[in-house]
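Student: Quick one: this structure, given as structure tokens, is what I'll be asking you about.
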Amino acid sequence: MLPVIALVGRPNVGKSTLFNRLTKSRDALVANYAGLTRDRKYGEAEIDGHKVLLVDTGGISGGEEGIDAAMAEQSMQAIEESDIVLFLVDSRAGLTPADEMIAERLRTRSKPTLLVANKVDGVNPDIALAPFYELGIGELFPTTATHGRGVRTLMQRVVKDLPEVVEPEEAEEATGIKIAIVGRPNVGKSTLVNRLLGEDRVVVYDQPGTTRDSVYINYERDEKPYTLIDTAGIRRRKNIKESVEKFSIVKTLQAVEDANVVVLVVDAREGLVDQDMHLMGSVIQAGRALVVALNKWDGLEAEHRDYVKAELERRLRFVEFADVHFISALHGTGVGHLYESIEAAFQSATDKLSTNHLTRILQWAVSEHQPPMVHGHRIKLRYAHAGGQNPPVIVIHGNQTEQVPAHYVRYLEKTFRKALELHGTPVKVEFRTGANPYSDKKNKLTDRQKAKKRRLMKFVKKKK
């Protein structure tokens, strides 16, 4: 499971800026406006070879009301989910009562916490940082997230506190395909798990957010071993509070990372919503094979079914490789066909690809549609070989490969997927530029070549 790092602090101290810098993205909105981040945002980052899950939170000021109170509760939930907390403060604004309140809450959580004094550019560090030592949080790291100052030192320290990645015992015992069942709350994930297993193994309750942890279930079907990962925990109904409990995205993303194939469950009555698309994007970013299951399909009117299918065709163009199934987990309609797509997706994601075959596909793709010109020179792609599985990674060697545009990368991915007949899995294309072996070597001329060069120079001078 990926370690989780939460970024917490008052509004407008630079949490989202640091989040974007570490994830190398612009997923979190950034502006000089307090309270812009309303909900937790998740992103994957790599620190010195260690993959981590970052959680960007809304600000906590202590006087929240209405939606701001819910936003503060989201931040506290992120602290509970995390392995390490980065507590950000504003070195220009100095120590505030809100900072002291957050520090007090963090002390009661007993989470490894690092104090990050952001926005140190333009101030005297000795004077600006002195008040923050009163918080008694621990080590203090001065940074400027917008320019990256001090971020490298901070993350090197974070690496030392990262917990060891321990796989779940159930996952270690898995001998077959690991299938993660993911989706929004109350779309029928646990019902589908029970239907796949043929027994009531996980709690089903008609209330969103009934369960929070991930459950690994080993079983056999037609003498084939499988492991189902239900992003939900076994909980008794009497323990479900009246207030809707937050669905833990962290557990879902960790389950996706650990799975071979992901089944994304969508409520057919509501159709695809933004949260479904975000989950789908996370699956593709993780490179996992994908199967889409539209649940609660039975009982829908023909007109609504046509509308849902049209929306699927429009919104799923970027995942055209994924099989879509229309099912009813409650009655079992279409559920058995999911295994066909799961098997095909797993086979495609783990196939061994030969260098000769990949190179021939590359040569055909280049002959059909050549790479663009860069600075007057054509990008040359020479050969390809396999670089990994689940997802299939294809490494292409050539010249000026760092200049290959995004649209041509997508063309190559689509070409390889069709030529290799891959189903249900994304394809990742990486490039390597071969170094010129003669770049640091001076050509030594023979005596005959030197004489020829002298005659040529004399001829040029006479012409002038």
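Student: Is the range 150-161 home to any residue that is part of a loop (DSSP other than H, G, I, E, B), more than 23 Å from the chain's Cα centre (by Cα), farther than 26 Å from A289 by Cβ and at pLDDT 85 or above?
Tutor: Of all residues in the range 150-161, those part of a loop (DSSP other than H, G, I, E, B) come to 150.
Those left that are additionally more than 23 Å from the chain's Cα centre (by Cα): 150.
The next check asks that each one be farther than 26 Å from A289 by Cβ; those that pass are 150.
When the remaining residues are screened for being at pLDDT 85 or above, the result is 150.
Yes: one or more hits.
Student: Out of curiosity, is E46 within 27 Å of the chain's Cα centre (by Cα), open to solvent by 60 Å² or more (accessible area, probe 1.4 Å) and either among the charged types (D, E, K, R) or at pLDDT 80 or above (or both)?
Tutor: It is true that E46 is within 27 Å of the chain's Cα centre (by Cα), open to solvent by 60 Å² or more (accessible area, probe 1.4 Å) and either among the charged types (D, E, K, R) or at pLDDT 80 or above (or both).
Student: Another question about this same structure. For the range 341-369: of the residues being β-branched (V, I, T) and closer than 17 Å to P225 by Cα, which is most open to solvent (accessible area, probe 1.4 Å)?
Tutor: Initial filter on the range 341-369 (β-branched (V, I, T)): 342, 350, 355, 359, 361, 366.
Subset that is closer than 17 Å to P225 by Cα: 342, 350.
Details: I342: 3, T350: 42 Å².
Looking at residues that are β-branched (V, I, T) and closer than 17 Å to P225 by Cα, I get T350.
Student: Can I ask one more? Any chance the range 125-132 includes a residue that's surrounded by 13 or more Cβ atoms within 10 Å (Cβ to Cβ), closer than 13 Å to D90 by Cα, small (G, A, S) and in contact with a helix residue (DSSP H, G or I) (Cβ under 9 Å, 6 or more places away or on another chain)?
Tutor: Checked against the condition, which is being surrounded by 13 or more Cβ atoms within 10 Å (Cβ to Cβ), closer than 13 Å to D90 by Cα, small (G, A, S) and in contact with a helix residue (DSSP H, G or I) (Cβ under 9 Å, 6 or more places away or on another chain), the range 125-132 yields no hits at all.
Student: Quickly run through the range 249-277 and pick out the residues that are closer than 22 Å to K41 by Cβ and of a type in the set (K, R).
Tutor: Once the filter is applied, which keeps residues that are closer than 22 Å to K41 by Cβ and of a type in the set (K, R), the range 249-277 yields only K251.
Student: Residue by residue through the range 308-340, note down the ones that are open to solvent by 50 Å² or more (accessible area, probe 1.4 Å) and not in a loop (DSSP other than H, G, I, E, B).
Tutor: Residues satisfying the conditions are K309, A310, E313, R314, R315, R317, F318, D323, V324, F326, T333, E340.
Student: Just to be sure I understand the filter: pairs with C-beta atoms under 7 Å, separated by 6 or more residues or on different chains, first member in the range 331-349 and under 20 Å from Q389 (Cα atoms), second member of a type in the set (D, E, K, R). Which pairs pass?
Tutor: S341/D323
Student: Filter the range 377-401 for residues that are open to solvent by 60 Å² or more (accessible area, probe 1.4 Å) and out of contact with any strand residue (DSSP E or B) (no Cβ under 6 Å at 6 or more places or on another chain) and give the result.
Tutor: Listed by number, the residues that qualify are H377, R378, Q389.
Student: I would also like to ask the following. Among the listed residues R305, R288, which satisfies the condition of being buried (at least 18 other Cβ atoms within 10 Å of the Cβ) and among the charged types (D, E, K, R)?
Tutor: R288
Student: Please find, within the range 135-149, the residue that is modelled with the lowest pLDDT out of those that are in a loop (DSSP other than H, G, I, E, B) and open to solvent by less than 80 Å² (accessible area, probe 1.4 Å).
Tutor: G138
Student: So, one more: Report, by residue number, each residue of the range 94-117 that is in contact (Cβ under 8 Å) with a residue 40 or more places away in the chain and under 14 Å from P131 (Cβ atoms).
Tutor: L95, T96, A98, D99
Student: Can you spot a residue in the range 173-196 that is open to solvent by 10 Å² or more (accessible area, probe 1.4 Å), more than 20 Å from I327 (Cα to Cα), modelled with pLDDT under 85 and touching a helix residue (DSSP H, G or I) at 6+ places or on another chain (Cβ under 7 Å)?
Tutor: No: zero hits.
Student: Restricting to the range 73-123, name every residue that is within 13 Å of V55 (Cβ to Cβ), open to solvent by 50 Å² or more (accessible area, probe 1.4 Å) and either outside any loop (DSSP other than H, G, I, E, B) or modelled with pLDDT of 90 or more (or both).
Tutor: Listed by number, the list holds a single entry, E80.
Student: Something else: Which one is farthest from R314 (Cα to Cα), of the residues in the range 259-285 that are within 16 Å of the chain's Cα centre (by Cα) and open to solvent by 20 Å² or more (accessible area, probe 1.4 Å)?
Tutor: Checked the range 259-285; the qualifying residue farthest from R314 (Cα to Cα) is N260.
Student: Right, another one. So F321 fits all but one of (1) within 30 Å of K224 (Cβ to Cβ); (2) at pLDDT 90 or above; what number is the exception?
Tutor: (2)
The values are calculated or read from the model by the stated rules, or taken from the named source; none is laboratory data. All values derive from a computational prediction rather than experimental measurement. Neighbour counts are summed over all protein chains in view; Cβ atoms, including those assigned to glycine, are modelled from backbone coordinates with ideal geometry. Just the protein is used for accessible areas: all its heavy atoms, side chains included, with ligands, DNA and RNA removed. Shrake-Rupley method; radii C 1.70, N 1.55, O 1.52, S 1.80 Å.
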